[in-house]
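The values are calculated or read from the model by the stated rules, or taken from the named source; none is laboratory data. It should be emphasised that the depicted structure is a prediction, and the values quoted were computed from it without experimental measurement. Here the Cβ positions follow ideal geometry from the backbone for every residue, glycine too, while neighbour counts run over all protein chains shown. Quick note on the areas: whole protein, heavy atoms, side chains included, nothing else; ligands and nucleic acids left out. Shrake-Rupley method; radii C 1.70, N 1.55, O 1.52, S 1.80 Å.
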Amino acid sequence: MVDEPAGHGRMEMGRRMFACLLAGSMLTLPRPGWSAEEGTMTDCRGRHVKIGPARRIASIGGTITETLYALGAQDRIIAVDITSTWPEQALHEKKSVGYMRALSAEGILSLQPDLILAMNDCGPPQVLDQLMASTVPVVFVDSTPSENAIVARTRFLAGLLDAKTAGAQLLCADISQHFDMLTRWRAAHPTTKRVLFVMRMSNNRPMVAGTGTAADAVIRLAGGTNPAAFGGYRILDQEALIGLRPDAVLTMEQDAPQVRTALLGNAGFRLTPAGRNQAIIAMEGERLLGFGPRTPDAALELARRLDTST
């Protein structure tokens with residue numbers, strides 16, 4: 001990412017302030033995604049879904065769960081998936097529907113939800129077809145990893161649950177202000193560091209995130225540059241790893257011990273700037289990659305850690 005001039009940062013903060021004022025006006029506007037027909041809304045797939053009071057929600061995707069808790073709607077959730085790691089009590093006090101990309105229609109429907117909220121990238125597709133064929137309304141939520149998408153998701157979920165006051169508070173007092181802090185930090189601490197995200201090791205070779213991934217998006221949000229120009233994820237051999245010349249490696253906390261041991265034991269990696277300086281940064285996975293309300297804080301932490309890594 002090219003570092004923006006200071007004037008751009010001021011324009012960004014002004015844009016966010018306008019967004020806050022706009023969010024406040026939601027209190028007197030119809031809920032986003034809702035049509036004139038009472039109880040019908042349009043999800044991110046363009047599907048028109050008729051929903052009721054939504055008192056028994058199955059939340060599929062950590063980003064949705066985190067946002068619903070932040071909106072004060074946790075008492076309306078009956079089940080979550082295992083990516084719902086924040087807040088920590090969600091996995092303990094709610095039923096589990098398993099992993100969001102390995103769902104079971106029978107398991108979800110047996111819990112008798114009156115609304116299923118699901119990130120658009122959950123699956124498998126045949127299970128989603130079964131859920132949509134049931135009598136339970138299914139609403140898909142956009143999974144785009146970007147700042148604008150965080151704002152849009154928050155506004156969408158707040159509107160869907162008729163929690164506009166809480167939504168405006170979350171957007172302005174938390175998300176927008178924290179993005180402003182990130183903007184100010186980046187303006188004062190420009191960086192050109194090449195940051196490589198390693199998802200996990202496969203036969204001692206790193207699986208690396210390229211473009212179009214949440215990892216790529218959060219690296220750019222923090223002001224870094226992703227040297228992996230290919231799309232999606234790819235397992236790299238030693239020669240390719242050396243060629244990317246990362247200044248730092250980013251990985252998820254839960255996989256950090258294995259990743260660190262394997263990379264530092266790799267003669268090729270030790271030739272890179274990250275290897276020479278043992279610059280391996282580990283952060284909690286859902287906070288780092290979920291692109292929910294905590295994302296601006298996660299990106300700011302990453303920016304600060306990049307600034308102090310040698």
Placing +1 at every Lys and Arg Cβ and -1 at every Asp and Glu Cβ, with all other atoms neutral, what dipole size does region 195-308 have around its Cα centre, in debye to the nearest 20? 200
Once the piece of chain linking L264 and S146 is laid out straight, how much longer is it, given 0.36 nm per residue of separation minus the C-alpha distance between them? 39.3 nm
Over the Cα atoms of region 223-310, what radius of gyration and what Dmax do you get, in Å? 13.2, 39
Per-residue accessible area, 1.4 Å probe, largest first, puts S134, S176 in the order S134, S176
Using only DSSP helix segments of four residues or longer, with each worth -39500 (n - 2.57), what per-residue ellipticity at 222 nm results for the chain after dividing by its residue count and rounding to 500? -11500 deg cm²/dmol
For the chain, the helices passing both cut-offs (Cα extent along own axis of 24 Å or more, Kyte-Doolittle mean at least -0.5, full DSSP H runs) are 6-25
Keeping all protein chains in the complex and leaving out DNA, RNA and ligands, what accessible area do you get for H48 with a 1.4 Å probe, in Å² to the nearest 10? 140
Which order do you get for D81, D121 if you rank them by accessible area with a 1.4 Å probe, largest at the top? D121, D81
With a point put 7 Å past each Cα toward its Cβ, work out how far D307 is from Q130 in nm, to one decimal. 5.0
Work out how much length H48 to R184 would gain on full extension: take 0.36 nm times their residue separation and subtract the Cα-Cα distance, in nm to one decimal. 44.9 nm
Name the residues of region 244-262 whose amide N is less than 14 Å from a point 7 angstrom out from the Cα of N277 along the C-beta direction? 245-250
Over the chain, with every protein chain in place, what whole percent of the accessible area is carbon and sulfur at 1.4 Å, could you tell me? 53
By accessible area with a 1.4 Å probe, ligands and nucleic acids excluded, highest first: order of E301, E106: E106, E301
Per residue, accessible area of region 195-308 with a 1.4 Å probe, heavy atoms of protein chains only, in Å², comes to 39
Label-to-label distance, nm, for residues given as Q238 and D121 (7 Å Cα→Cβ offset): 3.2
P(r) of region 171-258 in 5 Å steps, Cα pairs, percent per bin? 3, 14, 21, 22, 17, 11, 7, 4, 1, 0
With N set to the residue count of region 113-216, report its C-alpha Rg divided by 2.2 N^0.38 Å to two decimal places. 1.44
At a threshold of 8 angstrom on Cα-Cα distance, excluding pairs fewer than six apart, so keeping six or more, what relative contact order does region 31-164 reach in percent? 27
